[in-house]
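For reference, the structure is listed below as structure tokens.
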Amino acid sequence: MMSTPVVFITGATSGFGRACAHRFASAGWALILTGRRQERLEDLKTDLKDSVPVYSAVLDVRDSQAVTAMINDLPPEFSDVTCLVNNAGLALGAGPAQEASLEDWHTVVDTNITGLLNVTHALLNTLIRVGRGAAIINISSTAALWPYPGSHVYGASKAFVNQFSYNLRCDLKGTGVRVTDIAPGMAETEFTLVRMKGDHQASDNLYSGVEPIQPEDIAEQVFYAATLPPHLNINRLEIMPVCQSWAGLAVDRE
Ligand code: NDP
Ligand code: 8X3
């Protein structure tokens, strides 16, 4: 009998991560749910634990020791992680680089780059042991490739995620482990609320009058990439809502 596949999700307390928890649960996967907000993790676990095995842990991905300890302490029934969804991330501020705080830049780098590395490094040998069919799904962003004013360190951190995903694929050749970079455009989650530091009006304004991506849309793509036949690897999947496209190049005139 095939064992139950296990998905490890970072940032499961909101947005894409929470939607991924529901999507994988609907297909019978066992869930490892992580994030910093304990109450949200407990609520999610309560919602899902009657249908699938759920293990949840408060985890700040920036804390490499905590990440390693948590992963080393996984109960045996959750230890064969089949799919890692590196989703935890954030932007802080939308103003120009010259007005950004260095502290915010460090937080973005520590979360989106160092945090993703901490979790990936701690789970790599497990994923390799699981082998054929295992998957790492990294959530980058359209901001990884397409520059816009105010993206500075956020977009650059997602460019790192994109290139790291490709480079990881090279090294994992022969192990059976897939690596996919999913790059969403404008999506309605708590992302803008966090970016604008709790300014609900700014968040509501951004999503008003448009039809943005919904968390479930991305969860569907994450699940799709993770459950393709094991000889297939989607390298990168960039998804925008139809209402979004590119702006032209900017020129500063006298
Ligand atoms: P949300 O703000 O709704 O969710 C972000 C998640 O990341 C939360 O669960 C949060 O959990 C978690 N998180 C943040 N910092 C940490 C940390 N230090 N340790 C652990 N978890 C952390 O936003 P989204 O769902 O939109 O964001 C998910 C990912 O998608 C991010 O990487 C984001 O950059 C990316 N993305 C978002 C887009 C959008 O337009 N919404 C588009 C493209 C990419 P908690 O606070 O409980 O720790
Ligand atoms: C989030 C999408 O356009 O706000 O990654 O950078 S965007």
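Quick note: the coordinates plus some simple rules give every number you see, no bench work behind them. Keep in mind that what you see is a predicted model, and the values were worked out from it rather than measured. Neighbour counts are summed over all protein chains in view; Cβ atoms, including those assigned to glycine, are modelled from backbone coordinates with ideal geometry.
Do we find a residue being touching a residue at least 40 places away in the same chain (Cβ under 8 Å), in contact with a Cys (Cβ under 7 Å, 6 or more places away or on another chain) and in a strand (DSSP E or B) anywhere in region 80-92? Scanning region 80-92, I find at least one residue that is touching a residue at least 40 places away in the same chain (Cβ under 8 Å), in contact with a Cys (Cβ under 7 Å, 6 or more places away or on another chain) and in a strand (DSSP E or B), so the answer is yes.
Checked against the criteria, residue 142 does not count as within 12 Å of ligand 1 (Cβ to nearest atom) and over 24 Å from residue 215 (Cβ atoms).
Look at (1) surrounded by fewer than 18 Cβ atoms within 10 Å (Cβ to Cβ); (2) assigned to a helix (DSSP H, G or I); (3) not polar (S, T, N, Q) and you find that residue 44 fails only one, number (1). Residues that are near ligand 1 (Cβ under 6 Å from one of its atoms) and outside any loop (DSSP other than H, G, I, E, B) were ranked within region 12-39; the one that is nearest to residue 76 (Cα to Cα) is 35. For region 240-254, which residues satisfy the criterion of being surrounded by fewer than 16 Cβ atoms within 10 Å (Cβ to Cβ) and either in contact with a Ser or Thr (Cβ under 7 Å, 6 or more places away or on another chain) or among the hydrophobic types (A, V, I, L, M, F, W, C) (or both)? Of everything in region 240-254, those that are surrounded by fewer than 16 Cβ atoms within 10 Å (Cβ to Cβ) and either in contact with a Ser or Thr (Cβ under 7 Å, 6 or more places away or on another chain) or among the hydrophobic types (A, V, I, L, M, F, W, C) (or both) turn out to be 242, 243, 246, 247, 249, 250, 251. Considering only residues in region 138-159 that are within 21 Å of residue 226 (Cα to Cα) and of a type outside the set (A, V, I, L, M), the one that is surrounded by the fewest Cβ atoms within 10 Å (Cβ to Cβ) turns out to be 142.
When each of 204, 181, 217 is tested for being away from ligand 2 (no atom under 11 Å from the Cβ), touching a Ser or Thr at 6+ places or on another chain (Cβ under 8 Å) and charged (D, E, K, R), the lone residue that passes is 181. Only one entry in 190, 103 is more than 16 Å from ligand 2 (Cβ to nearest atom), surrounded by fewer than 20 Cβ atoms within 10 Å (Cβ to Cβ) and charged (D, E, K, R), namely 103.
Yes/no per residue for (1) on the phi < 0 side of the Ramachandran plot; (2) more than 17 Å from the chain's Cα centre (by Cα):
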site: 15; (1), (2): no, no
site: 23; (1), (2): yes, no
site: 42; (1), (2): yes, yes
site: 66; (1), (2): yes, yes
site: 76; (1), (2): yes, yes
site: 79; (1), (2): yes, yes
site: 82; (1), (2): yes, no
site: 85; (1), (2): yes, no
